[in-house]
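Below is one structure, written out as structure tokens, with a few remarks after it.
Quick note: the coordinates plus some simple rules give every number you see, no bench work behind them. Computed from a predicted model, the values in this text were never measured in an experiment. Backbone-built Cβ (ideal geometry, glycine too); neighbour counts: all protein chains shown.
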Number of protein chains: 2
Amino acid sequence: MRQSELFTKTRREAPSDEASRNAELLIRAGYAHKEMAGVYSYLPLGLRALEKINGIIREEMNAIGGQEIHMTVLQNPELWEKTERWSERQVDNWFKTDLKNGWELGLGFTHEEPVANMMAQHIASYRDLPVYAYQIQTKFRNEGRAKSGLVRGREFLMKDMYSFNASEEDLDAFYERVKEAYKRIFTRTGIGEKVFLTFASGGVFSKYSHEFQAVSEAGEDTIHISREKNIAVNREVLTDEVLADLGIKREELEEAKAIEVGNIFKLGARFSEPLGLVFTDEKGENKPVIMGSYGLGPTRLMGAIVELLSDEKGIVWPESVAPFRIHLIALRTAKEGNAFYEKLARQGIEVFYDDREDASPGEKFADADLLGIPLRVVISEKTLREGKLEVKSRKTGEVKMMNEEEACKLPE
Amino acid sequence: MRQSELFTKTRREAPSDEASRNAELLIRAGYAHKEMAGVYSYLPLGLRALEKINGIIREEMNAIGGQEIHMTVLQNPELWEKTERWSERQVDNWFKTDLKNGWELGLGFTHEEPVANMMAQHIASYRDLPVYAYQIQTKFRNEGRAKSGLVRGREFLMKDMYSFNASEEDLDAFYERVKEAYKRIFTRTGIGEKVFLTFASGGVFSKYSHEFQAVSEAGEDTIHISREKNIAVNREVLTDEVLADLGIKREELEEAKAIEVGNIFKLGARFSEPLGLVFTDEKGENKPVIMGSYGLGPTRLMGAIVELLSDEKGIVWPESVAPFRIHLIALRTAKEGNAFYEKLARQGIEVFYDDREDASPGEKFADADLLGIPLRVVISEKTLREGKLEVKSRKTGEVKMMNEEEACKLPE
């Protein structure tokens, strides 16, 4: 894509009311627009990065048998009354709205109730199990406080998967597969080393749930990390009993702020029973379907990546998430710039081409640093005299002079 | 994909409260789930079809210079008060909700206000124009009546494009390009012959807007078609003056019910002026940006395709929209079926494979008719004896016997 054709402009300053580093950078770079606190729109480059994240999540969910669906925002209270999650007393961050006839509806903050209700149409027998369904869909939470940018949104994108098994053993086995899939997602999106599997409070059905916590000063959670065991414990459950369960001594724990980038939860019959999601087993007996739920927010993950990987000059995207792989900059060398851009584009290389004639070299370099595309390739009169291109890594700052042929093979 | 692994099941009966043919078929086939009147979730095969439609729309919007963005559901009243579209008196189908601090927010039914407000961050000079931005995003309309299935949703997917030009002439030229892009979309999604460009009421800025109306008994609009001129007039604007404008005689008009599958609208400065979206022209003068807006609902289009192309046995997808291109059915020939399925899948052909061992041939054939995949390929002991496969067109019913090599080249 040609930068001259992109409608977004970079900005020196973020909105004065924006307190978070991730939103500040994403807004300044023209990736996002703030509609109000905790509510962001995604502009062309931001949407490209977000779709890269979604693509990685889809691949990993499909690889463990997930089938993609798309459920609705509007929620029927009847289902949520059955599970005792409708009233404000039970759930305090609902957004609610009214139909013209006065009936109250909710805006979904999660989808256990509608997905269990829907599955009752499709699951009748043990032969219909297991089922793993997921969606990437917009959710709403009426947060009193929304000051962490994309990390805590009132409106945000969520990947939520739900598992439906015949037995606890089957759920346990699938749960472990999701754990591994989540680890792969965080590794592939460039923050794997900073994410800890964290023990958190369970429910009626299981003693613990698990969170994936990315260590960051911008985080709203506090975790206690055991580097030796490569796990962590959420402060909320840090008791002697839990430490004994996990074989961890309190002394070895390291306290850190962290962003919860994913969580997985065994639900058992908590939702299937009140919603009538039952199946007939091999012996002809009716049993409730055993459920699990698995959340991972793509927009929050995008915010976490920016928090963790940016530097004082701007964003530093990992290659897998960057909106483009190469940022080509022509400095008063439009002819050669155009030719090389066309060449890269023909090869299917994702290249963002700064062909702007009214921007100075300094502006172009500052924009490239702010936008954070992994490789910056400069064509100038100077590089042309040497018959080379200047290739700089956004991450390491390393600069190499290459000929066209070598640069065409980028990124290796 | 193997049918034995798909979690959805087909049904003989639709929900008793479902009055529309499109939703009835989509629910029975397991493409959609009804959450409540006018509110549908999309299940794996339905989401695949919907993504095919979205893909066609994206291609056509990108081809005329559209840049994709993604805006929010939650709407800030301040913007809508400026354009006098906030109060119930002004707009009667808002869904509204409240923040914890009591502030009222809206759920977007369209996005002229936020997109104009956002563009004021990115457009300052005539050099920044034109800009064409679009999104495919979930919208909400508080319809009193929602009995037409996907054709009139309370929650629905909308592709909305907004154009930003320096002059009316530039808007006019782009408007014509959108018209052609819309025609291509309806042709590519298989309903082009039934869609008429229809003159409808304009606004302050232009005498007419244009709708794309698909002739169907299930439609909620009434149009008057001139077959000779290949255009139509919405009943709402059928006056002698309009007929004179278009050079049409009243006698030649043919009345028909129709589904509005798209509409395009010249907005002029209706939104840019109150929202402060101005630019500096070549002479250094400030002028309001000239806008247009262009709607096309993918979920409504999916409903219209089902209304228009289905028959008494079920859905008949056009190839471009079908969730798969081939429905392979093995009748007690699992070994040969598996081998042929693997062969097609390796070639990247989208094949849905009915490998179910507990379904009778009659059930498999009925499901194939209901699901509406364009080509049904049967492998049975009988076809194997002939060294052939039976290939049937869902649309024409035509049956051909082919060998494997010929069938591998399907669809031609």
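Quick look at the numbers
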quantity	calculated
GluC sites (Glu not before Pro) within region B:174-259: DSSP coil, no more than 14 neighbouring Cβ in 10 Å	B:Glu217, B:Glu220, B:Glu228
Backbone HN-Hα couplings from phi across region A:135-150 [Karplus 6.51/-1.76/1.60, Hz, Gly and Pro as x]	9, 10, 8, 7, 10, 9, 9, 7, 6, x, 10, 9, 10, 10, x, 6
Gyration tensor verdict on region A:208-335 (Cα atoms; rounded if a/c is under 1.5, prolate if a/b is larger than b/c, oblate otherwise)	oblate
Distances in nm from A:Glu176 to the matching label points in the other copies, shortest first (labels 7 Å along Cα to Cβ)	6.7
Loop-located GluC sites (Glu not before Pro) in region A:1-102, at most 15 other Cβ atoms within 10 Å (DSSP)	A:Glu5, A:Glu13, A:Glu84, A:Glu88
Region B:207-298: relative contact order as a whole-number percent, Cα under 8 Å and 6+ apart	32
Label point 7 Å beyond Cα along the C-beta direction, distances from A:Pro361 to other copies (nm, shortest first)	7.8
Pairwise Cα inverse-distance average, inverted: Kirkwood Rh of chain A (Å)	23.5
Closest approach to the B/A rotation axis among chain B Cβ atoms, residue and whole-Å value	B:Thr97, 2
Cα gyration tensor shape of region B:326-408, rounded if a/c is under 1.5, else prolate or oblate by comparing a/b with b/c	rounded
For B:143-152, mean number of other protein chain Cβ atoms within 10 Å	1
Region B:194-208 - phi-based ³J(HN,Hα) in whole Hz, Karplus 6.51/-1.76/1.60, Gly and Pro as x	9, 9, 10, 5, 10, 6, 9, 5, x, x, 4, 8, 9, 5, 10
Within region B:314-412, percent of DSSP bridges classed antiparallel, to nearest 5	45
For B:Ile329, residues with placed amide H under 5 Å, excluding near neighbours	B:Asp354, B:Val377, B:Val378, B:Ile379
Rounded to whole Hz, the Karplus (6.51, -1.76, 1.60) HN-Hα couplings of region A:378-387, x for glycine and proline	10, 10, 9, 4, 5, 5, 5, 4, 8, x
Label-point separation, A:Lys257 to A:Ser167 (7 Å along Cα→Cβ), nm	4.7
Directionally averaged projected area (convex hull, Cα atoms, the protein assembly as shown), nm²	39.1
Stokes-Einstein D in µm²/s, Kirkwood radius over Cα pairs - region B:62-175 at 10 °C with 1.306 mPa s viscosity	101
Candidates A:Asp98, A:Asp354, A:Asp17, ranked by Gaussian network fluctuation over chain A, Cα under 10 Å, top entry	A:Asp98
At R0 = 41 Å, FRET efficiency that the Cβ-Cβ distance of B:Ala345 and B:Arg177 yields, to 0.05	0.60
As computed over region A:122-269, the Cα convex hull volume per residue (Å³)	141
Beta bridges by DSSP in region B:1-146, antiparallel share as percent, to the nearest 5	85
Relative contact order (%) - criterion: Cα under 8 Å, at least six apart; region: chain A	16
The protein assembly as shown - share of DSSP beta bridges that are antiparallel (%, nearest 5)	80
Rounded if a/c under 1.5, otherwise prolate or oblate - region B:1-144, Cα gyration tensor axes	oblate
Likely footprinting exposure, B:Ser272, A:Ser310, fewest C-beta neighbours within 10 Å first	A:Ser310, B:Ser272
Label-to-label distance, nm, for residues given as B:Asp281 and B:Lys409 (7 Å Cα→Cβ offset)	6.0
Among B:Lys364, B:Lys183, B:Lys229, residue whose mean-square fluctuation peaks in a GNM of chain B (springs only between Cα atoms under 10 Å)	B:Lys229
Placed amide H near A:Arg2: partners under 5 Å, 5+ positions off or other chain	A:Tyr353
Lysines whose Cα lies under 17 Å from that of A:Lys343, excluding same-chain neighbours fewer than 8 positions away	A:Lys335, A:Lys388, A:Lys409
Amide H within-cut-off set for A:Val39, under 5 Å, with H built and near neighbours excluded	A:Arg154
Label 7 Å beyond Cα on the Cβ vector: A:Ser393 copy-to-copy distances, nm	5.8
Low-density loop cleavage sites - trypsin sites (Lys or Arg not before Pro) in region A:119-179, where at most 15 other Cβ are within 10 Å (DSSP)	A:Arg145, A:Lys147
Set A:Lys139/B:Lys100; B:Lys183/B:Lys392; A:Lys139/A:Lys207 screened for pairs whose C-alpha atoms are more than 21 Å apart	B:Lys183/B:Lys392; A:Lys139/A:Lys207
Choice from B:Leu197, B:Leu129, B:Leu277 with maximal GNM fluctuation in chain B (Cα, 10 Å cutoff)	B:Leu129
